[in-house]
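Right, one structure below, let's go through it.
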Amino acid sequence: MSWLNNFDRIGNGFWSNSQWYDLHLLRRMPLVNKMIEEMIYACPPAVSPSNIYRVADLCCGSGIASLNYLKAYSSISSLTLIDQSEERLNIAKQRIDTQLESISRRPEVIMCQLQIKCDTQDDDMNINLNPYHLILASLALHVIVGHGKQSLEEAKVKYRILFELLSRNLVDDGNGHLIVGDHHGSLGMFEQMKLMEECGFIDVECMWRERDMFVIGGRRRGKDEIS
């Protein structure tokens, strides 16, 4: 281990260290702040016919996206933090608990240590058997699919499995949304949007794009909507 790894954004650094990640993310990727801001602007109002609204933060990291979401929509029913690192989950939970101190009606915060995979269509991510009304995926999808060298077709297969998994975990009443903020990984933004549509998402659109960063979103087609 050498401190010189700090000098290279691509391929080096200590990204697996949760404290280092939290310290360096916004410094090394300054557009992340803008990306998350645009993700929150892209979210629909946190309302549903049943007055229950469940949100999941996929690969939540240190909780920056969730924190910003709760500043805008604090009256949700539950927030599920999903990450493979227990240490990052604890950082996120501590950050969110501080935000919730000033809120009278606090959502239930669920911590889920889980590594999301997209190797087979049998992979799943729902821990409470209840689908979500909103899934936030901030810098998540390219990590799940992987940074390793792979062909375009291999990347498409993995993204397809991932989008199908996310769709299955959204409510099917026409109110389930997926909001993605990311940078180009092994598959470009337009290819991802096309795959979302092929996986049953509708109202797929790009909210924001700058350099290699973007925000896209879509809605799971309701079971009573005509395809």
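The values are calculated or read from the model by the stated rules, or taken from the named source; none is laboratory data. Quantities reported herein were computed from a predicted structural model and do not represent experimental measurements. Note that each Cβ is placed from the backbone with ideal geometry, even for glycine, and that neighbours are counted across all protein chains shown. The accessibility values were calculated without ligands, DNA or RNA, using every heavy atom of the protein model including side chains. Shrake-Rupley method; radii C 1.70, N 1.55, O 1.52, S 1.80 Å.
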Worksheet item: How many nm is it between the label spots at Asp212 and Lys194, if each spot is 7 Å from the Cα in line with the beta carbon?
Response: 2.1 nm
Worksheet item: Tell me, what is the FRET efficiency for Lys34 and Asp172 to the nearest 0.05, using R0 = 30 angstrom and their Cβ-Cβ distance as r?
Response: 0.40
Practice prompt. Could you look at the chain and say what percent of its accessible area is carbon and sulfur, using a 1.4 Å probe and all protein chains?
Written response: 48 percent
Discussion item. Can you tell me, using C-alpha contacts under 8 Å and at least 6 residues apart, the relative contact order of the stretch 129-227 as a whole percent?
Written reply: 33 percent
Worksheet entry | Set Lys117/Lys149; Lys34/Lys194; Lys93/Lys156; Lys194/Lys223; Lys34/Lys71 screened for pairs whose C-alpha atoms are more than 26 Å apart | Lys93/Lys156
Worksheet item: When the dipole is taken about the Cα centre of the chain, and only Lys, Arg (+1) and Asp, Glu (-1) are charged at their Cβ, what size is it in debye, to the nearest 20?
Response: 460 debye
Worksheet item: How much area per residue is accessible in the stretch 130-227 when the probe is 1.4 Å and only protein heavy atoms are counted (Å²)?
Response: 45 Å²
Practice prompt. Rank Ile202, Leu100, Asn51 by how far each Cα sits towards the positive end of the charge dipole of the chain (+1 on Lys, Arg Cβ; -1 on Asp, Glu Cβ) and give me just the farthest.
Written response: Leu100
Discussion item. Can you find, among Val109, Ser74, Val145, the residue sitting farthest towards the positive end of the charge dipole of the stretch 62-191, where Lys and Arg contribute +1 and Asp and Glu -1 at Cβ?
Written reply: Ser74
Fill in: Gain on full stretching of the segment that runs from Leu4 to Asn130 - 0.36 nm per residue minus C-alpha separation
40.8 nm
